[in-house]
Amino acid sequence: MKAAMVGILALAGASAASAQGVVPPRFNPRAPENSQILASFSYASVESVLSGIGARSQRAGQPGQPALLVSFPNNRKAVLMFGSCNADGSACKALSIQSYWTRIAHAPPQQTQAAIADFNRRYSFAKAFIAEDGRPALQRYLTADYGFVRGNLAVNLLVFANQAERFARDVLGPLEASGK
């Protein structure tokens with residue numbers, strides 16, 4: 001996982017290019033390809049959707065366990081981990097979208113837990129939690145047992161990026177500022 005996080009940080013440099021005039025495409029909800037059914041999740045199918053929403057990605061993982069390091073148009077970072085894959089990882093039935101932040105250094109753990117629980121009560125799209133290593137995290141889990149509509153994947157990714165921004169701004173920022 002450390003290698004994945006190093007890769008995410010490397011994507012930060014790629015987002016600087018977009019800030020220098022390279023404008024990513026905007027998501028077109030009316031595009032005809034959005035009604036296509038993705039039979040499964042794969043590098044090709046997910047990368048195509050990421051490109052369509054203006055996100056950048058880098059392949060990670062290993063054969064049979066693919067992953068993508070993603071930088072969304074709002075500069076939020078995530079790891080997309082494919083699950084329930086065939087042997088070579090070319091057809092997967094699950095996708096976990098995860099973002100991690102640094103540990104909260106300035107707030108007591110009880111205050112952090114309460115703020116995360118409050119966030120989870122207000123927003124049910126993705127689950128916020130404290131990871132085993134003590135870092136705040138946000139996760140969304142999708143399944144494609146019978147396929148997944150391409151446009152729905154695009155919307156799920158965009159909403160996740162927006163919710164990650166909200167989590168960082170409304171929960172983590174105030175927690176860090178509270179103990180200073």
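At-a-glance table
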read-out: Accessible area per residue in Å² at 1.4 Å probe, computed on region 33-178; value: 47
read-out: Accessible area of region 78-180 belonging to carbon and sulfur atoms, whole % at 1.4 Å probe; value: 52
read-out: Percentage, to the nearest whole number, of Cα pairs in region 110-180 over 13 Å apart; value: 68
read-out: Intensity falloff of the chain expressed as log10 I(q)/I(0), Debye formula with alpha-carbon point scatterers, at q = 0.17, 0.19 Å⁻¹; value: -1.12, -1.31
read-out: The chain: relative contact order in percent, alpha carbon pairs under 8 Å with at least 6 residues between; value: 23
read-out: Net dipole in debye of region 33-178 [+1 Lys, Arg Cβ; -1 Asp, Glu Cβ; about Cα centre; nearest 20]; value: 200
read-out: Residue (of 128, 60, 95) at the positive-pole extreme of the chain, dipole from beta-carbon charges; value: 128
read-out: Listed residue (138, 148, 46) projecting farthest to the positive dipole end of region 33-178, Cβ model; value: 138
read-out: Burial order of peptide ranges 64-72, 107-115 (average beta-carbon count within 10 Å, highest first); value: 64-72, 107-115
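The values are calculated or read from the model by the stated rules, or taken from the named source; none is laboratory data. Computed from a prediction, not measured in an experiment: that's the story for all the values here. Note: ideal-geometry Cβ built from the backbone for every residue, glycine included; neighbour counts use all protein chains shown. Heads up: the accessible areas ignore ligands, DNA and RNA and are worked out on the full protein's heavy atoms, side chains in. Shrake-Rupley method; radii C 1.70, N 1.55, O 1.52, S 1.80 Å.
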